[in-house]
1. Which aspartates and glutamates, if any, have their Cα less than 12 Å from the Cα of residue 267, not counting same-chain residues under 8 positions apart?
2. How long are the semi-axes of the ellipsoid equivalent to region 70-173, from square roots of 5 times the Cα gyration tensor eigenvalues, in whole Å, largest first?
3. How big is region 285-421 in terms of Cα radius of gyration and Dmax, in angstroms?
4. When DSSP beta bridges are limited to those with both residues in the chain, what percentage is antiparallel, rounded to the nearest 5?
5. Check the straight Cα-Cα distances from residue 258 and name the lysines below 17 Å, setting aside those fewer than 8 residues away within the same chain.
6. Please sort 363-370, 198-205, 301-308 by packing, taking for each peptide the average over its residues of neighbouring beta carbons within 10 angstrom, highest first.
7. What number results when the radius of gyration of region 166-269, computed over Cα atoms, is divided by 2.2 N^0.38 Å?
8. Which listed residue (291, 22, 86) has the Cα farthest towards the positive end of the charge dipole for the chain, taking +1 on Lys and Arg C-beta and -1 on Asp and Glu C-beta about the Cα centre?
Amino acid sequence: MKQELWKYSILEILEGYKEKRFSPVELAKEIIKKINKENNKLNAYVFFDEEIVLQQAFVSQTNYEKNCARSILEGIPISIKDLIVTETMPTKRGTLTSGLPIHSDYDAPVVKILKKKGSIILGKTASPEFGHKGTTQSLKHGNTNNPWNLDLNAGGSSGGSSAAVAGGLGPASIGTDGGGSIRIPCSFCGLFGHKPTFGRIPAYPISPFGTIANLGPITRTVKDSGALMNAIASPDIKDWNSLPKHNTDYTLFTRNLKENFKIAYSKFWGMERFFNVSLMQSEVIKKIEETIVTLKKEGLQISEVEEIKWPHNPLEVFLVLWQAGAANLARKINEADYKNLEPTFLKFIENGKKYTMFDFMDAESKRAENSLYLKKVFRDIDAIIGPTLPVLPFNSNKNVPDGYEKDKLFSWLPFTYPFNLTKHPASTINVSFSDSGLPIGMQIVADTYEDKTCFELAHFIEETMGLTNTWPNL
């Protein structure tokens, strides 16, 4: 048995509760202690109140004592990214501006579901200003650091969530992903994270970035994220994009992936025409391809895919939608307050204001053509795998790694945002470590609505590579 309760996965916690080896209050106190000890190093939490956490834990403990647990998530501690609205906790969105309300009289649907099922909401985790970039620094809260090396970047924009889970400051978190914002930090921090098919997890208020934004789970193990998906992947009346209820168990993996399951490997995800591949770190490719060799030895059918030929440059399409979204959000900010905005976000706003409605509609049309193209690719394969990112974690103070254009915040993220555009489900899972001990993530993409495929393959990889019990030394 593990000695430190903060190292327990969700499923291990549930087993501990069932066997009465520890209680929700005991677990909560251990995690509170861990947060108080380590958060000043990581800067993962931007709101944390011990009393609120303990109040929830005592309710869960009472429910277990009375044999009336609300669900299997009763007493499970979960943090929430600080872009997601919460009724009893402030939502500051990483900004110094005052245009959007900090306090709310309602919970976002995902938070409402988790509370209803008995989860303990630990607090709010750091985001860059309005989640606008792939790293987590803000004028409001400072830098969020990587648990594997505190001088390095945790990634973003769900960097606070990923740093918290990787550092043992809670077993799970709910993040958001508008261009890779779950997969980027999970790759940097050595975790599993999933961007679902758009609409699979309900969202409200609607993101200012529109239908490229998603919510998803961040955990150390695949089955832990599966347990969260079982709870939160359901429709909500407040989200007109939410998909119908579907009877899928994301923790049950019975499919034989060694037979009649075709996997394609894509080194550059079709972005070699739009991205300087010489900037890709050779160690990333080396470790990914070593992993593929291992998976083939374990019986998976993996072949290198012919080049993915996107009809349109995904970056050009993405920037129209992303920067138009920034300009849309800016309508809620008083122009006198612009001086408090971060320069990188202000630039997005300025660029977004230059687009016309025709530019936006043209981008949506090109986006649809890219998505239809990818669906044709999935006629012959079940999943595509490849590197989540082209680089290892870099300096915590930087938005962009060395060698990339510093004023182009998405220049180093060519493998993630294409699938926000197409709405396909995409996961990342830790498959290796660099020679310097930094995590390296593999991305898994499946056809639309086939989120379970991502989980099945990720679980096979997780079992094969056996890295989930490797922890950073804080």
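1. Cross-link targets: 289, 304, 306, 307.
2. Working: eigenvalues 108, 71, 13 Å².
Ellipsoid half-lengths, sorted descending, are 23, 19, 8 Å.
3. Computed over the Cα atoms of region 285-421, radius of gyration and Dmax are 18.8, 61 Å.
4. On the way: 31 of 44 bridges.
Bridges in the chain are about 70 percent antiparallel.
5. Once the sequence-local lysines are set aside, what remains near residue 258 is 296, 297, 452.
6. On the way: 363-370: 17.4, 198-205: 22.0, 301-308: 14.6.
Sorting 363-370, 198-205, 301-308 by mean packing, highest first, produces 198-205, 363-370, 301-308.
7. Normalised Rg, Cα atoms only: 1.16.
8. The Cα lying farthest towards the positive end belongs to 86.
Where a number appears in this text, it was derived from the coordinates with a stated rule and is not lab data. For clarity, every value in this text was computed on a predicted model and none was experimentally measured. Please note: Cβ atoms are built from the backbone with ideal geometry, for glycine as well, and neighbour counts cover all protein chains shown.
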